[in-house]
Amino acid sequence: MNILITGCSTGIGYFCAKQLKQDGYNVYATCRDMKDVKKLQKEGLKAYKLDVCDSNNIKETLSLILEDCEEKLDVLFNNAGYGQPGAVEDVSKSVLKEQFETNVFGPWELTNLILPYMRNNGFGRIIYNSSVLGFISMAYRGAYNSSKYALEGLCDTMRQELLGSGVDIVLIEPGPIHSNFRKNALKKFNENIDVNSSVHKDVYKKTLKRLESSEDGPFTLKEEAVYFALKKAINSKKPKARYRVTFPTHLFWFLKRILSTKLLDKILIKAG
């Protein structure tokens, strides 16, 4: 089985690429930076440079991969993404566009380029690494929340449009997972949020403390938790539309169904 994974430099993508190869799959691991590509190649992976924000790079790299697998790409795991912290009123239009470019537009462009080949083969699994924040919203994460909500809406639509094609659309919805997510979010926060001029600067002190912490928060699981969900999505004859990972994801899915919006907001604010 041939599997393409984006965002393999660290964390979930790196772990899944290594583990899938070890389990006997033919894996195409991709990263945005060449230094990470070379690292993966030294570790024995088929690795390519793929920046989901660069349309030309997407097309060039996909062409190489399709040639190598003789146009029989079975699985796409859209894993690349990051979180932009900050209050919605402090996020500029350009910063919000950048968030959507990486988390939504790029992965969707890659999906649409691969779909004709999967349709032709009569089989395919397109799997997205979404988030618990794809169906509930937490304060000071508006850019990320909205990108994941958009992703889930697109997936729900395409799942209906692809019915009967042999191509399945699957969402994995992790909560807290051990990775470089906070480290990358801290970098984006420092780059794009003007703390001192914001009415939220007191809250941002807590945000910085959380992002700078090297300790995982409660209920955090290792990357293998996502890997187990990914394997189920790949191997199941009838994959679920959603695989929820971590206790918070299951909890908030339940609470959203039974609580009023105002009560859920209070719980989310306290949890944030």
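Quick look at the numbers
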read-out	value
Enumeration of residues in the stretch 20-69 that are crowded, with 16+ Cβ neighbours inside 10 Å, under 22 Å from the mean Cα position of the chain (by Cα), of a type outside the set (D, E) and part of a helix (DSSP H, G or I)	L20, K21, V37, K39, L40, N57, I58, T61, L62, I65
Selection status of I136, farther than 15 Å from A80 by Cβ and either in a helix (DSSP H, G or I) or of a type in the set (A, V, I, L, M) (or both)	yes
Odd one out for L113 among (1) crowded, with 17+ Cβ neighbours inside 10 Å; (2) of a type in the set (A, V, I, L, M, F, W, C); (3) in a helix (DSSP H, G or I)	(1)
Helices (runs of 4 or more DSSP H) completely within the stretch 224-272 that count 2 or more residues being buried (at least 18 other Cβ atoms within 10 Å of the Cβ) and at pLDDT 95 or above	224-235, 247-258
Residues (under 17 Å from I58 (Cα atoms) and hydroxyl-bearing (S, T, Y)) located in the stretch 91-127	T102, T111, Y117
Any pair with Cβ under 8 angstrom, 6 or more apart, that starts in the stretch 162-176 at a residue that is within 17 Å of L115 (Cα to Cα) and crowded, with 17+ Cβ neighbours inside 10 Å and ends at one that is at pLDDT 95 or above and among the acidic types (D, E)	L162/D168; L171/E152
Flag for L162 being in contact with a Cys (Cβ under 8 Å, 6 or more places away or on another chain) and under 30 Å from N120 (Cβ atoms)	no
The listed residue being among the hydroxyl-bearing types (S, T, Y) and surrounded by fewer than 19 Cβ atoms within 10 Å (Cβ to Cβ), out of Y128, Y149, Y140	Y149
Residue in the stretch 191-203 that is surrounded by 13 or more Cβ atoms within 10 Å (Cβ to Cβ), under 22 Å from the mean Cα position of the chain (by Cα) and outside any strand (DSSP E or B) present	yes
Pair list, Cβ < 8 Å and 6+ apart or interchain, from the stretch 246-272 residues that are farther than 16 Å from S131 by Cα to residues that are of a type in the set (K, R) and modelled with pLDDT of 95 or more	L264/K256
Residue within the stretch 41-52 that is touching a residue at least 24 places away in the same chain (Cβ under 8 Å), over 16 Å from A233 (Cα atoms), β-branched (V, I, T) and in contact with a helix residue (DSSP H, G or I) (Cβ under 8 Å, 6 or more places away or on another chain) present	yes
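The values are calculated or read from the model by the stated rules, or taken from the named source; none is laboratory data. Note that the structure is predicted; figures quoted are calculated from it, not measured. Counting neighbours? That spans all protein chains shown, and the Cβs are built from the backbone with ideal geometry, glycine included.
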